[in-house]
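Report on the structure given below.
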Amino acid sequence: MKICILGAGAIGGHIAFRLAAAGHEVSVVARGAHLDAMRQRGQLGFTEGADVSYAPVRASSNPADFGPQDAVIVGVKATGLAVMADLLGPVVGPQTLVYFPQNGMPWWYPVSAETLPYALPDLAIFRVKERFLSILKPHQIAAGTVYSGNEVREPGIIYNSSPGRNSLTIAAIDPEGREATEALRAAIDASGLGATTPGNLRTAMWTKLVQNMSGSVIALATRNQTAISRHDARLGELYIRIMTEGKAIADAWGYPVSLDPVEALSRAPYHRPSLLQDFEQGRPMEIGEIVLAPAAFARAAGVPCPSLDAVAGIVARLAIDKGLYSE
Ligand SMILES: NC(=O)C1=CN([C@@H]2O[C@H](COP(=O)(O)OP(=O)(O)OC[C@H]3O[C@@H](n4cnc5c(N)ncnc54)[C@H](OP(=O)(O)O)[C@@H]3O)[C@@H](O)[C@H]2O)C=CC1
Ligand SMILES: CC(C)(CO)C(=O)C(=O)O
């Protein structure tokens with residue numbers, strides 16, 4: 001397949017490497033030193049800590065260099081989506097499928113949704129919806145979640161901290177897009193990055209969100225790997241409380257999450273979550289999507305979330321003071 005990754009950072013870069021190594025024609029849109037390194041080598045590197053493997057990619061800062069694709073994967077953070085809406089046009093043709101893997105509340109949540117039980121909170125993330133829908137028909141949109149710890153530790157090389165435990169979910173947001181989505185899912189799965197179709201896309205989203213709003217947020221507040229909550233009883237209790245609140249919010253919105261908080265805690269990864277990576281590297285943070293969105297959904301549904309609110313107040317302040325989030 002001909003596939004372009006818009007924003008080939010930690011996650012986009014991991015998917016790009018796998019697909020390129022599997023023989024697909026992969027081009028990547030990136031910037032700065034990371035772009036320079038990939039362009040110089042004509043390759044993207046990938047390591048699990050020891051040797052670095054390389055796979056061939058074309059790299060540019062300008063999607064117009066690549067033309068329409070079979071599939072496009074938007075790898076930027078939620079905070080970079082508005083810019084990507086402007087850059088997307090040249091790589092999209094009438095048959096192109098665009099996959100949005102993202103943490104937190106996604107822009108497409110209200111698109112092709114069954115009736116929403118409460119008034120949708122007015123969140124910044126939903127403001128890019130019209131821009132994407134002016135370029136893409138609903139059947140061209142696929143979305144999902146990623147379970148894989150990655151980081152760009154040096155330009156041109158993706159470091160993966162979860163060998164053997166990398167997977168993603170991908171589903172069409174509109175039934176008409178199922179065939180194209182299945183083709184991309186099968187290509188990703190065959191490349192060695194487990195890709196599955198969730199029974200329900202929004203349930204899959206909430207299932208990941210309740211893990212990020214607990215584990216990633218505690219890791220950010222304490223500047224630790226997510227696994228810190230396993231080893232500190234007070235943080236473990238907080239993790240369970242926040243996840244339990246998240247489950248109640250998802251439930252109220254009609255997407256019950258079957259995850260058991262105690263069991264989820266026992267699997268919290270040895271990984272500095274992307275929220276913490278962004279904080280440490282001074283990059284815009286997904287505070288709106290991962291921390292404040294679930295609290296806003298709780299408010300709209302009348303579900304109390306005191307533990308989330310308490311931690312949200314602290315981490316939002318950290319991000320605002322560092323200029324990495326604004327309301
Ligand atoms: N990292 C992880 O382990 C995980 C991340 N996720 C989620 O996956 C999504 C992607 O996150 P992640 O991969 O970590 O993000 P990254 O910041 O690592 O990757 C995004 C990449 O896009 C680049 N980029 C942003 N804007 C532009 C632009 N205008 N032109 C060219 N390049 C651009 C960034 O460059 P620059 O660095 O210069 O900004 C960066 O290389 C998020 O929703 C995240 O929460 C989910 C599971 C795990
Ligand atoms: C914690 C993790 C790796 C879960 O897959 C994640 O979502 C992140 O780093 O943002």
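The values are calculated or read from the model by the stated rules, or taken from the named source; none is laboratory data. Being a predicted model, the structure only gives us computed values, none of them experimental. Positions of Cβ are backbone-derived with ideal geometry, glycine not excepted, and every protein chain shown enters the neighbour counts. Only protein heavy atoms, including side chains, enter the accessible area calculation; ligands, DNA and RNA are left aside. Shrake-Rupley method; radii C 1.70, N 1.55, O 1.52, S 1.80 Å.
Summary table
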| read-out | value |
| --- | --- |
| When residues of segment 294-314 are limited to those that are farther than 12 Å from Ala248 by Cβ and out of contact with any helix residue (DSSP H, G or I) (no Cβ under 7 Å at 6 or more places or on another chain), the one least open to solvent (accessible area, probe 1.4 Å) | Ala296 |
| Lone unmet requirement of (1) assigned to a loop (DSSP other than H, G, I, E, B); (2) touching a helix residue (DSSP H, G or I) at 6+ places or on another chain (Cβ under 6 Å); (3) more than 16 Å from ligand 2 (Cβ to nearest atom); (4) not aliphatic (A, V, I, L, M) for Glu176 | (1) |
| Some residue of segment 78-94 being under 19 Å from Arg202 (Cβ atoms) and either out of contact with any helix residue (DSSP H, G or I) (no Cβ under 8 Å at 6 or more places or on another chain) or not charged (D, E, K, R) (or both) | yes |
| In segment 225-242, the residues that are part of a helix (DSSP H, G or I), of a type outside the set (A, V, I, L, M, F, W, C) and either free of Cβ contacts under 8 Å to residues at least 24 places away in the same chain or exposed (fewer than 15 other Cβ atoms within 10 Å of the Cβ) (or both) | His231, Arg234, Glu237 |
| Residues being of a type outside the set (A, V, I, L, M, F, W, C), assigned to a loop (DSSP other than H, G, I, E, B) and either in the same structural domain as Tyr109 (by TED's automatic domain parsing) or away from ligand 2 (no atom under 15 Å from the Cβ) (or both) - total across segment 248-274 | 5 |
| Looking only at segment 275-293, and only at residues there that are open to solvent by 10 Å² or more (accessible area, probe 1.4 Å) and part of a loop (DSSP other than H, G, I, E, B), the one that is nearest to ligand 2 (Cβ to nearest atom) | Arg283 |
| Flag if Pro90 is more than 16 Å from ligand 1 (Cβ to nearest atom) and either outside any strand (DSSP E or B) or modelled with pLDDT under 95 (or both) | no |
| Residue under evaluation Ile158, criteria (1) away from ligand 1 (no atom under 11 Å from the Cβ); (2) under 23 Å from Met38 (Cα atoms), criterion not met | (1) |
| Test: residue in segment 205-218 that is at pLDDT 95 or above, closer than 18 Å to Val98 by Cα and in the same structural domain as Ile287 (by TED's automatic domain parsing) | yes |
| Qualifying strands (runs of 3 or more DSSP E) (wholly inside segment 40-83; at least 3 residues being open to solvent by 20 Å² or more (accessible area, probe 1.4 Å)) | 52-56 |
| Residue within segment 183-192 that is within 14 Å of ligand 1 (Cβ to nearest atom) and open to solvent by less than 40 Å² (accessible area, probe 1.4 Å) present | no |
| Residues within segment 156-165 that are touching a Lys or Arg at 6+ places or on another chain (Cβ under 9 Å) and among the polar types (S, T, N, Q), tallied | 1 |
| Failed criterion for Glu245 (all others in (1) assigned to a helix (DSSP H, G or I); (2) closer than 30 Å to Asp70 by Cβ hold) | (2) |
| First in segment 120-149 and more than 27 Å from Gln211 (Cβ to Cβ), second anywhere and in a strand (DSSP E or B) and among the aliphatic types (A, V, I, L, M), Cβ under 8 Å, 6 or more apart | Leu136/Val98; His139/Ala172; Gln140/Leu97; Gln140/Val98 |
